[in-house]
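S.K.: Handing you this structure, nothing more for now.
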Amino acid sequence: MSASDRQKVLQKIDESRDQAIGFLQDYLVARLPEAPSAARTVTAAIGFLARSNGRLPIAALAPELGTTSRTLERLFRREVGFVAQGLRPGAPIP
């Protein structure tokens, strides 16, 4: 087998492997249960904060998510490991 043909075969094997892994990943993700409420709330908060470049105050964000500022801070600390203020531009890295 020529070096060129060998390279083509190896490339096809890699492509097939990537497709198989992608299929398996999609299958497994589809079988996962819905994320717990706390994780969904924090994920939504991160989305709001990202769209506002971290400038949206927690006091304004919490009611949008159906919670209080204190509860949102607790959820953030539990789910992410630091409070939401750590996402603001210029904030020290936690």
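S.K.: Of the numbered conditions (1) at pLDDT below 80; (2) in a helix (DSSP H, G or I); (3) surrounded by 14 or more Cβ atoms within 10 Å (Cβ to Cβ), Ala20 satisfies every one except a single condition; which is it?
M.R.: Going through (1) at pLDDT below 80; (2) in a helix (DSSP H, G or I); (3) surrounded by 14 or more Cβ atoms within 10 Å (Cβ to Cβ) one by one, Ala20 breaks only (3).
S.K.: List the number of the failed condition for Val42; all other conditions in (1) assigned to a loop (DSSP other than H, G, I, E, B); (2) in contact with a Phe, Trp or Tyr (Cβ under 8 Å, 6 or more places away or on another chain) hold.
M.R.: (1)
S.K.: Return the pairs, sorted by first residue and then second, in which the second residue is of a type in the set (Phe, Trp, Tyr), the first residue lies in region 49-63 and is closer than 14 Å to Phe76 by Cβ, the beta carbons are less than 7 Å apart, and the residues are 6+ apart or on different chains.
M.R.: Every condition considered, the pairs that remain are Leu56/Phe48; Leu61/Phe48.
The values are calculated or read from the model by the stated rules, or taken from the named source; none is laboratory data. No experiment lies behind these values; they were computed from the predicted model shown. A quick note on method: Cβ atoms are made from the backbone with ideal geometry, for glycine too, and the neighbour counts reach across all protein chains shown.
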